[in-house]
Every structure is written in C-alpha cells, then in structure tokens.
Amino acid sequence: MAPVTSLTASVHQRLATALSAALPEADADPLLRRSDRADFQANGILALAKKAKANPRELAAQVVARVESGDVIKDIEVSGPGFLNITITDKAITENLAARYADTDGRLGVPYAEHPGTTVIDYAQPNVAKEMHVGHLRSAVIGDAVVQILEFTGENVVRRHHIGDWGTQFGMLIQYLDEHPHELDHKEGEDLQQSGEQAMSNLDRLYKAARRLFDSDDEFKTRARRRVVDLQAGDPRTLATWQKFVDESKIYFFSVFEKLDMEVRDPDIVGESGYNDMLDETCRLLEESGVAVRSEGALCVFFEDVKGPDGKPVPLIVQKSDGGYGYAATDLSAIRDRVFNLKSNTLLYVVDARQSLHFKMVFETARRAGWLNDDVKALQLAFGTVLGKDGKPFKTREGETVRLVDLLDEAIDRATAVVREKAEKVGLSEREIVENGQYVGVGAVKYADLSTSAVRDYKFDLDQMVSLNGDTSVYLQYAYARIQSILRKAGEANPAAHPELGLAPAERALGLHLDQFGETLAEVAAAYEPHKLAAYLYKLATLLTAFYDQCQVLSADNAPEVVENRLFLVDLTARTLHQGMALLGIRTPERL
Ligand code: ARG
C-alpha cells in the first residue's frame, strides 16, 4: 500500500509551486509550520523577498493569487509583514485520515525512510555477576525504544548488548566456585522469575564470600590471581568456570528483561569477551599507524583537549604496561567489528553520560585510525542520572543502590492498586487486574524515562508516574481503553469516514494532529529523540479529551453519518496511540 501524503506535504508542495512561479530564480522553501491562528502558517516569504529585494506583502499576495486552492487549501491570506495563513478544507482532512485508516500494512500511511542504512545500537549492557541498577534500566528502555522506532522507519538495526563479562574480578570468583562447586545450584521446577532471583542471590552470595576470603586469606588471594592469568591465557578449565558465571547471570538478566516486557535475544549479547580475539590486532594497527604511542610502557592515545586537573594530558590507555587490555581496547575492537564485519554506517551507544569522556576519546581514536569517517559515524546517546525524590542520586534509605527488580515490583504494586480501584466498574477479572497492573506499572516506569530528554537527570517519583492525570503513560493507556469501550458500545454502528461532513473545531484539531504522526516519527528517528514521540502522544490524548468535551460520539441526536465519522476518528486515534506506545515499548490494554 502506498504511503499517505501528509497534509503538510500537500500544502508545502502547493506553496512551493506558487512561490517558484512568482519568483522564478528562488529556490523556494515556504517554511511551513502548524499554527494557532490558522491550520498552517508559512514564514518563508519574508526572507525570500528580502533576498529578491521585493516587497514581502506584495510577494505574498502574488503567491496567494497563484496558489492552487479548493481541494486542500480552503483559505489562504496574507497577514502581518508577509506571512501566509492557511486553512485546510474539512474534506481534505477526512480524506487524508481515511487513507491512513485504510492502510492494510498497519503503518497508518507512514512512509519508510528514503535511504535506510545499518545502525548498530549498543544498549542494555549490564555486568556479569552484578545486580542491575537504575542506570541499566535507562539504557535498556531508551535503547529498546530507539530500536523499535528505527526499525519502523525501515532502518536495518543490529542490536548489541555489550555486557561486562571480562576482567580481573573473575579470578577470585572462578577460584572460589571451583573450591565450592555447588554455589550456583538451582531448585527444581523454578519458573523464569524464580530462576532469575535464585541466580542473582547465588551470585551475590558467592561474590561476597569470595571477597571475604580474598581479603582475609593470602593463599586464596595467590590462587585467585593465578586464575586471572589462566583466564587471559584461555585455559579451557578456567574458561569453563567463567562461562558458568556468564550463564548464571544471563538467567538473571533474562528474568529482568522479561519483567520489563522487553525482547533481548541471546545472539545479540556480545559482551566485552566477544572481542578478545581482536585486541592484539587493534593495538598493532593503532601502534603501527602512530595513532597510539608507548608511554611508560603503556600504549596510549593523547588528545589536545583532554587534560587532568594538573594540566597534564590524560591519555586513553589501550594497553596497560603489564600487557593487559581494558575497556578502551574492547570498545575499539567492537568498533572495528561493527564497521567492517557488520557493515554499519551508524554506531549508537546508549550509555550513561558519566562515560562521555571515554566515548569521546574512543571515537576520536577510531577516527584517527580511519575506522570512522564522514560516512560511518558513531554517537553516544548519553543519558542522565536517575534521582530520588530528594533530587539526589537514587539510593535506598541505607544508602545502597536500588535494585532494579525491587523498583519494578513496587511500580507494579502501585499500578495494580490504581487498576483495582476502577476494576469493578469496568468489570475486570482478577487475571486482567494482575495483567493490567503489569502493563500500567512497567509502562509508567518506561514512560517516565522516555518522556524527558535523555540527557537530563530525572526524578524517580512513583506517585507521579502512576497518576491518572498529567503526562503519564496511564493517562495515555486510559485514553486508548476509553476509545475501545466506545467502539464496543457502538453496537450496529461502524466506523466510516464521511468526507462530505463538516468538522467541529475539536475534530479538526484532532485530525490535523493525527496527520502529523509520520512526520513526528521521521524527526524522532533522525535525532534519536523518543521524548518527542511521547510528547506527540500526550498531545494526541489531550486533543482527544477536548474532543470528548465538545463532541458526543454515540448520541441519539447525531445523524448516523456523524456517529460513523466520529467512530472512525476515535478509532484512528486509538490505532495511532497503540502504534506510538508500542514503539516506546508500552502496552495498551483493551479494557482498563
Ligand atoms: N557494562 C557497562 C556498564 O555497566 C556499559 C557498557 C556500555 N557499552 C560499551 N560499549 N562500552 O557501565
């Protein structure tokens, strides 16, 4: 099915044609935007007139005289110093929406991007043998939304979960597990959630016990250090024990991702260890090309603008003086893999802003090495810190980092209470209450994260997140469910577009906003800004509320066509809400 030309695009095209007729030499952009005074306003004439040394109001009048009107443009008039105010015909609005409604691909007429590429996105990257915290939540939630949005535009997306699965800390753990082989056992008959909890509690217990021994027993310490060497040398028995930690951690990760209602696939988990085979060559290439130099035994890359507090340059250390490789060597190797093996032209990293200096140095190094360039770009989608209600980094009362699982459970509990309050009126079964509680609770957490610009810190405030009023996911979920309830109550009447009908102001406002879904998505995808999609959806829900205030859908006073046309309008609104929320990773229950 062909994509639907948006009203904005139709008006733009008509104005551009009229403009180039009036001003042949100009490369004419009318600069069209939505406006409160009319449906659209074009501001581009002022600058064009100035360039052509013409009178802007006169030029505007010439455009008005030349513009094709009637079918799409109902009114066009000059205002102020040379703006154009444009009003669209009701018929064009309804016909446009009807074409979106008829799109059998389920894309609401939204076109694919013209030049899709391959994007590798690095997100949801927790660390082996460690608890996931709120920072990992942000990376997962923002990353997942960006994946969905990019895929919707037709981009080829490769997901990479760069988990922390390598490093010297494993020596101690491996040695301890070999000496206490039953520490990772599981009870029989566990489901995924129970296994996840068991796995994390095993790992936590083991970590603490190993640490205690390491700090108190010098002989254990020596044995543990030897295991680090064995691990790096690829000793098979040591690797086998290391693998047990990775597997145990994955059980836990998958249980959290399931709770988050998010798909993470095993083959996409390529942790730090996945690049071990490339590290030597990465260093060799950097050293041979002179990008990296030896300094006090270490292989380093220096930067003009990266200096420590003492004014001395702080290098990126690619290889330590003892020959060991760290985080930077792995990331540089991952870039080579993503560029040359996965053939991507965009590398995205959804990582905490506190790692920005690391990525700045890594990207610059890769650029100097020629692995990144104007055609192959890398970008950190940095996100801010999650704060508690007090505005300080989110901690438990005891000052510990908050366990992600506890936080999600609490959100689900609160949401279930909210759902339960209305459940009787809606006639929800206990099963639906529990299910909706999960959708509303998880949705609340995701939406709070996605509705503010990622770089900003945000306050984790559950009371606000599950509030029925305001910019929350549950407000949007209710808007969707309310439409479904109207559609169920409609009985014999079916949604159907009637372009011959005149539209009330609230219907026009809703319709014009519905038309902008595709343009909003294109912008959101180009700038990786899911918060603008959240803002679009919130506005859609508020326009729907205004529509309900002013227009009855199922009223005996309405002519049958009016009922059908309004059912069609709300149904398209529901589909748009559903699609938009799905791109943010949030479910829209049918009854709430
Ligand atoms: N595992 C890291 C952490 O927990 C995040 C990894 C980010 N990705 C990367 N390619 N360095 O902080």
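A short reminder: the numbers here are calculations on the coordinates, not readings from a lab. Quick caveat, the model's predicted, so the values are computed rather than measured. Heads up, the Cβs are rebuilt from the backbone with ideal geometry, glycines too, and the neighbour counts pull from every protein chain shown.
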Practice problem: Treating each Cα of the chain as an identical point scatterer and ignoring solvent, apply the Debye formula and state log10 I(q)/I(0) at q = 0.06 Å⁻¹. | Solution: -0.42
Quiz item: Which value, in debye to the nearest 20, gives the size of the charge dipole of the chain about its Cα centre, when Lys and Arg are +1 and Asp and Glu are -1 at the Cβ?
Solution: 1200 debye
Quiz item: With each pseudo-label sitting 7 Å past Cα toward Cβ, what's the Glu219-Phe340 distance in nm, one decimal?
Solution: 4.8 nm
Quiz item: Mind checking the angle between helix 56-66 and the chain's longest principal axis? C-alpha axes, 0 to 90 degrees, to the nearest 10.
Solution: 70 degrees
Quiz prompt | All lysines inside 26 Å of Lys244 as judged from Cα atoms, apart from same-chain residues fewer than 8 positions distant | solution = Lys130, Lys187, Lys208, Lys221, Lys259
Self-check item: DSSP beta bridge pairing in the chain, given as percent antiparallel to the nearest 5
Solution: 55 percent
Quiz item: What are the aspartates and glutamates whose alpha-carbon lies under 14 Å from the alpha-carbon of Lys489, with same-chain residues fewer than 8 places away excluded?
Solution: Glu564, Asp571, Glu590
Quiz prompt | Farthest positive-ward along the chain dipole, Cα basis, beta-carbon charges - from Gly297, Ala52, Val405 | solution = Ala52
Quiz item: What does the charge dipole of the range 404-583 about its Cα centre add up to, to the nearest 20 debye, if the Cβ of each Lys and Arg holds +1 and the Cβ of each Asp and Glu holds -1?
Solution: 100 debye
Quiz prompt | Unit Cα scatterers, Debye sum, the range 404-583: log10 I(q)/I(0) for q = 0.09, 0.13 Å⁻¹ | solution = -0.36, -0.72
Practice problem: Check the straight Cα-Cα distances from Lys50 and name the aspartates and glutamates below 17 Å, setting aside those fewer than 8 residues away within the same chain. | Solution: Glu25, Asp27, Asp29, Glu58
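With r as the distance between the Cβ atoms of Ser201 and Val434 and R0 = 25 Å, compute the FRET efficiency 1/(1 + (r/R0)^6) and round to 0.05.
Details: r = 24 Å, r/R0 = 0.98.
Efficiency computed from Cβ-Cβ geometry: 0.55.
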Exercise. Neighbouring Cβ atoms within 10 Å as the yardstick, rank Tyr349, Tyr327, Tyr275 fewest first.
Key: Tyr327, Tyr275, Tyr349
Quiz prompt | Rounded to 10°, Cα long-axis angle of helix 279-288 versus longest principal axis of the chain | solution = 80 degrees
Exercise. Evaluate the charge dipole of the range 288-418 about its Cα centre and quote only its size in Debye, nearest 20, assuming +1 on the Cβ of each Lys and Arg and -1 on the Cβ of each Asp and Glu.
Key: 180 debye
Quiz item: With axes computed from alpha carbons, what is the tilt in degrees of helix 517-527 against the longest principal axis of the chain, rounded to the nearest 10 within 0 to 90?
Solution: 40 degrees
Quiz item: Dipole of the chain (Lys/Arg Cβ +1, Asp/Glu Cβ -1, origin at the Cα centre): which of Ser20, Val440, Phe394 lies farthest to the positive side?
Solution: Ser20
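Just rank Asp280, Asp352, fewest to most, by other beta-carbon atoms within 10 angstrom.
On the way: Asp280 13, Asp352 16.
Sorted ascending by nearby Cβ count, the order is Asp280, Asp352.
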Quiz prompt | Positive-end residue of Leu510, Val141, Asn127, charge dipole of the chain with Cβ unit charges | solution = Leu510
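Send over the Kirkwood Rh of the range 29-100, from the inverse of the averaged 1/r over different Cα pairs, rounded to one decimal Å. List each step's numbers first, then the result.
On the way: mean 1/r = 0.0784 Å⁻¹.
Roughly 12.8 Å, rounded to one decimal.
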Quiz item: Fully extended, how many nm does the chain gain between Asp557 and Lys53 (0.36 nm per residue separation, minus their Cα-Cα distance)?
Solution: 175.7 nm
